[in-house]
1. Within segment 247-264, restricting attention to residues that are without any contact (Cβ under 8 Å) to a residue 40 or more places away in the chain and of a type outside the set (D, E), which residue is nearest to T162 (Cα to Cα)?
2. Among the listed residues S254, S266, identify the single one that is surrounded by fewer than 17 Cβ atoms within 10 Å (Cβ to Cβ) and touching a strand residue (DSSP E or B) at 6+ places or on another chain (Cβ under 9 Å).
3. Going by the conditions given, is D125 touching a Cys at 6+ places or on another chain (Cβ under 8 Å) and more than 22 Å from Q259 (Cβ to Cβ)?
4. I need a count of the residues in segment 37-74 that are surrounded by fewer than 18 Cβ atoms within 10 Å (Cβ to Cβ) and among the polar types (S, T, N, Q).
5. Tell me, which helices (runs of 4 or more DSSP H) wholly within segment 1-83 include 1 or more residues that are more than 30 Å from K110 (Cβ to Cβ) and without any contact (Cβ under 8 Å) to a residue 60 or more places away in the chain?
6. Find all pairs meeting these conditions: Cβ atoms under 7 angstrom apart; at least six residues apart or on different chains; first residue within segment 287-304 and in contact (Cβ under 8 Å) with a residue 40 or more places away in the chain; second residue open to solvent by less than 20 Å² (accessible area, probe 1.4 Å) and of a type in the set (V, I, T).
7. All but one of (1) open to solvent by less than 40 Å² (accessible area, probe 1.4 Å); (2) modelled with pLDDT of 95 or more; (3) not hydrophobic (A, V, I, L, M, F, W, C) hold for K337; which doesn't?
8. Could we say that M121 is open to solvent by less than 10 Å² (accessible area, probe 1.4 Å), aliphatic (A, V, I, L, M) and in contact with a Pro (Cβ under 6 Å, 6 or more places away or on another chain) here?
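The values are calculated or read from the model by the stated rules, or taken from the named source; none is laboratory data. A quick note: this is a predicted structure, and the numbers were derived from the prediction, not measured. All Cβ positions, glycine included, derive from the backbone under ideal geometry; neighbour counts span all protein chains shown. Accessible surface is based on the protein model in full, side chains and every heavy atom, while ligands, DNA and RNA are left aside. Shrake-Rupley method; radii C 1.70, N 1.55, O 1.52, S 1.80 Å.
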Amino acid sequence: MKPTLSISIPIYNFAKFVPETLDSILGQDGASKVEIVILDGASTDNTAEVIEGYRARHGAIRYVRMPQKGGIDRDMAHSVTHATGDYVWLFSGDDWMLPGALSKALEQIKSGYDLYLTRHMEWIDDRSEWIEWPTVNAATDTVFDLSDPAQRRDYFSKAVNTEAFFSFIGGLIVKRATWERVPLNENFVGGCWAHAARLCELMSGGLTVKTLTEPYLKRRPDNDSFANRGLVNRFRIAIDGYHQIADEIFGHDSFEALQMRRAVRSEYHPLVMLLGKYLCAIDPEHEDRKLMDRLLRKTYCDRSMEALRTRISYALMTPARFRRQQPELCRKFDRLKAELRGQAGA
């Protein structure tokens, strides 16, 4: 019998992480009612061996190994293609589903909306605690018809960060028939946000989104696979990616693009940009100053006093001044850089 919900997990070299993810799902009430599709993008570690051990014990797991590495955009699209459920919960192979979340998801999708946007728990290192991470500024579960211009403007204006625009895959439960209405857009392949672009493209033809105020998972804090080429390059992935979505799908001067750029700035606020410049100074071998300067100009391109102040502050900030103003932050990243250099030399 066809499952109501598939959980699609694209992975690459996640053998040491995916067991905790699977354990957090398989221990849920309702786990026997769902399909788990693991799409392996040609891992070179022992992922296949790890998954085979789980498949022997859990018949709901389907393992699909791709013949070659395709990247997260293609792998995510393939993971949905191989799913058979009416709904697909996109899930990262290193995050943890919270207890009771699966039963809640199965209950939610009975209402039949196109997309359910969940919240998650985020680890805040400076405070040594988990906090609920916001997506949309709504106090209760709320439904938006994003094909309606007024409701779309309301939704975009309520976006707290890029998760409102589908950046975090673990927060997305999508109706498979809706997802399949538009194909994978090759213009966005390689940018890491093809799934977000796809959902944005669906808006004009009809996309109902229910935002959920309750967190359904924890995001793993120690495995940002997008940061393996330096922090400034990690900035580039998000900033360039979401500016591309804003410009190509909605138009640079549209209300939607304006709000999307605002959401990007909420994540890459002035202190983050100054930190990027500081990291370029202390680690020029791995952090690209020219790239950082370009990202600053792009992120703060809008005509506003905030943008002007940020550009001036960035231009005037020196590494010594930043260290005096942010000693704890500098010590934290000095330690992090030293650890990374030690790992590279080992």
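1. A257
2. S266
3. no
4. Here the count works out to 3.
5. 18-26, 47-57
6. E287/V232; D288/V232; L291/V232; M292/V232; L295/I239; K298/I239; T299/I239; T299/V264
7. (2)
8. For M121, the condition - open to solvent by less than 10 Å² (accessible area, probe 1.4 Å), aliphatic (A, V, I, L, M) and in contact with a Pro (Cβ under 6 Å, 6 or more places away or on another chain) - is not met.
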